[in-house]
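The values are calculated or read from the model by the stated rules, or taken from the named source; none is laboratory data. What you are looking at is a predicted structure, and each value in this text was computed from that prediction instead of being measured. In this analysis, Cβ positions are derived from the backbone assuming ideal geometry, glycine residues included, and neighbour counts consider all displayed protein chains.
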Amino acid sequence: MNILAACDHHCRFLYVACQAPGGSNDITAYRNSTLPSYVEELPISRFIVGDNAYVSSEHLLTPFSGNDRLDPRLDAYNYYLSQARMRIEMSFGRLVNKFRIFKSPLQCSLKNAPRLFLCATRLHNFCINEGQVVTPEEHEAEGQALLPPAYYHEQRGRSFSGQSILRERVVEEVAAKGLFRPQHNIARNNYGT
């Protein structure tokens, strides 16, 4: 199963789709879900972040790849974008550690696996909310769109151009603040060698 998910800064799942077969790539799963319609309806200058599997748009920011990352401004953008993207990795990590059933092959039918995962994400969110209560009104007051968690089966295709004025603006803002990839990160990853 290819699971498509979006989370907030508290590692709560805001959107979950378990509709794509495991062999499908992430961009296909994204395009065939309803998440693009939520993303494209975000207000101007609001966006989500994704990895290189996705195509950058005005509401979906992705890192630069290949030789582009050798430009210090684009590398700084990539670094800070990856810091934001870590939240979804943390969300999945916490979910798997909380519900150990996901540490080994599931002992349920493939038909029930999406329901099991969706149930686990809702319990995961409940546990987080019990430790830190944030109402939808407070969430929206912080300027963040609240995407409903959901389990979808419909298939829809979308096309994306890959051009993003917003991504260029964010690159410029990161550069204007004098932000670069920290030296300890470069050393740790032997980045650029």
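Key figures for this structure:
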quantity: Evaluation of Val16 against (1) exposed (fewer than 14 other Cβ atoms within 10 Å of the Cβ); (2) within 24 Å of Ser82 (Cβ to Cβ) (one fails), failing number; calculated: (1)
quantity: Helices (runs of 4 or more DSSP H) within region 109-176 that include 3 or more residues aliphatic (A, V, I, L, M) and modelled with pLDDT of 50 or more; calculated: 113-131, 165-176
quantity: Near pairs, Cβ below 6 angstrom, 6+ apart or cross-chain, from region 178-189 (closer than 12 Å to Pro72 by Cα) to any residue that is among the small types (Gly, Ala, Ser); calculated: Leu179/Ala76; Phe180/Ala76; Arg181/Ala76
quantity: Search result, residues across region 61-77 that are touching a residue at least 40 places away in the same chain (Cβ under 8 Å) and not small (Gly, Ala, Ser); calculated: Leu61, Thr62, Leu70, Pro72, Arg73, Leu74, Asp75, Tyr77
quantity: Subset tally (residues that are in contact (Cβ under 8 Å) with a residue 60 or more places away in the chain and either in a strand (DSSP E or B) or of a type in the set (D, E, K, R) (or both)) for region 1-40; calculated: 14
quantity: Unmet criterion (only one of (1) out of contact with any helix residue (DSSP H, G or I) (no Cβ under 7 Å at 6 or more places or on another chain); (2) modelled with pLDDT of 90 or more) for Ile44; calculated: (2)
quantity: Test set (1) over 23 Å from Phe13 (Cα atoms); (2) at pLDDT 55 or above; (3) crowded, with 16+ Cβ neighbours inside 10 Å - Leu95 fails condition number; calculated: (1)
quantity: Selection count, region 43-78, where residues are in a helix (DSSP H, G or I) and among the charged types (D, E, K, R); calculated: 4
